[in-house]
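Trainee: For reference, the structure I am asking about is given below.
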Amino acid sequence: MTNTPATPQTLPPHAQLVQMVTAAVVSKVIYTAARLGLADRLADGPATAAELAGVTGTHAPSLHRLMRTLAGLGLLTHADGDRFALTPLGAALRSDAPGAAYASVLTLGGPAFSQAFDRLEHSLQTGQTGFEAAFGMPIFDYLGQHPEEARLFGETMIGFHGAEPPAVAEAYDFSSFGTICDVGGGTGNLLGTILARHPTPRGILFDLPHVAQEAPTVLAERGSRTGSRWSRATSSRPSPPAPTATSCRTSSMTGPRSSA
């Protein structure tokens, strides 16, 4: 007789519900690992919790338990001598890893989003967003006052939509347009990809000032083919001449940029 490991499909309903609600604990474990930079610190090779406690400012036995939990989640391996090493899953949490998981974990698992979701019942009762209930302002106003969180949020959006810009740039022929305006285009990920693929059009990136100011870095990463063929326009900065094509997307997670 063999024992079949329990899976979400074979667990009884009450156990599935408990597993779902404890996902909040998993989120905090991974968020804390990102805050401590554990993936970056293990990038050069295995280490013990005692070796990492000093540089992370943590209590070594407690850090050991956290890292054992990360091993159970598949982010680390736990070998003889209590040394921990990154798995491919754990390596994706490095700050320089593709996909922006590091920024996404710090954003979505961080205190701002946690406090907003803590107001979910209030939102259902009143229609007010969780961010407005928690912080007295819409999310994009909040990000405008917190530059580091705004930077991480921008990287998170690039990670979320990572596969979309190349597909859009390839599927549609933008070469017939003189100017393309990306409304709510964030840090320029989509616009930069389009301009890199289609050498003729110029681009206008339209977004809130604190968002658009990060665009030069993102567009520079798209390569020199974008050149100087783009400009920024914000609510506080006059727009260049009217575009001949406009792209406009609204994130289902955050809603519109403006509360108006």
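Trainee: Quick test of your reading of the structure: PRO199 fulfils all but one of (1) closer than 21 Å to GLY178 by Cα; (2) surrounded by fewer than 19 Cβ atoms within 10 Å (Cβ to Cβ); (3) at pLDDT below 70. Name the failing condition by number.
Mentor: Going through the list (1) closer than 21 Å to GLY178 by Cα; (2) surrounded by fewer than 19 Cβ atoms within 10 Å (Cβ to Cβ); (3) at pLDDT below 70, PRO199 breaks only (3).
Trainee: If PHE84 satisfies all but one of (1) buried (at least 17 other Cβ atoms within 10 Å of the Cβ); (2) in a helix (DSSP H, G or I); (3) not basic (Lys, Arg); (4) not assigned by TED's automatic domain parsing to the domain that holds GLU148, what's the number of the condition it fails?
Mentor: (2)
Trainee: Considering region 116-139 alone, what residues qualify as being out of contact with any Gly (no Cβ under 9 Å at 6 or more places or on another chain), assigned to a helix (DSSP H, G or I) and under 25 Å from PRO209 (Cα atoms)?
Mentor: Within region 116-139, GLY130, PHE131, GLU132, ALA133, ALA134, PHE135 meet the criteria.
Trainee: Looking at the structure I just gave you, is GLY54 part of a helix (DSSP H, G or I) and exposed (fewer than 14 other Cβ atoms within 10 Å of the Cβ)?
Mentor: Judged against the criteria, GLY54 is a match.
Trainee: Output the residue which, of all residues in region 135-169 that are of a type in the set (D, E, K, R) and under 24 Å from ALA196 (Cβ atoms), is nearest to the chain's Cα centre (by Cα).
Mentor: The extreme case among them is GLU155.
Trainee: (1) modelled with pLDDT of 85 or more; (2) part of a helix (DSSP H, G or I): which one isn't true of VAL218, the others all being true?
Mentor: (1)
Trainee: Continuing with this model, one more query. If you go through region 87-115, how many residues are of a type in the set (A, V, I, L, M) and assigned to a loop (DSSP other than H, G, I, E, B)?
Mentor: Residues in region 87-115 being of a type in the set (A, V, I, L, M) and assigned to a loop (DSSP other than H, G, I, E, B): 4 in total.
Trainee: Counting residues that are of a type outside the set (A, V, I, L, M, F, W, C) and in contact with a Phe, Trp or Tyr (Cβ under 9 Å, 6 or more places away or on another chain), which helices (runs of 4 or more DSSP H) fully inside region 140-199 reach at least 2?
Mentor: Helices (runs of 4 or more DSSP H) meeting the threshold: 147-160, 189-197.
Trainee: Those residues that are hydrophobic (A, V, I, L, M, F, W, C) and either crowded, with 16+ Cβ neighbours inside 10 Å or within 18 Å of the chain's Cα centre (by Cα) (or both), I need them from region 22-49; list them, please.
Mentor: ALA24, VAL26, VAL29, ILE30, ALA33, ALA34, LEU36, LEU38, ALA39, LEU42, ALA47, ALA49
Trainee: Between HIS78, HIS64, which is over 25 Å from the mean Cα position of the chain (by Cα), outside any helix (DSSP H, G or I) and not β-branched (Val, Ile, Thr)?
Mentor: When all the criteria are applied, what remains is HIS78.
Trainee: Can you report the number of residues in region 23-75 which are in contact (Cβ under 8 Å) with a residue 12 or more places away in the chain and on the phi > 0 side of the Ramachandran plot?
Mentor: Adding up the residues that qualify gives 3.
The values are calculated or read from the model by the stated rules, or taken from the named source; none is laboratory data. Values in this document were obtained by computation on a predicted structure and should not be read as measured data. Here Cβ is always computed from backbone atoms with ideal geometry, including for glycine, and neighbour counts include all displayed protein chains.
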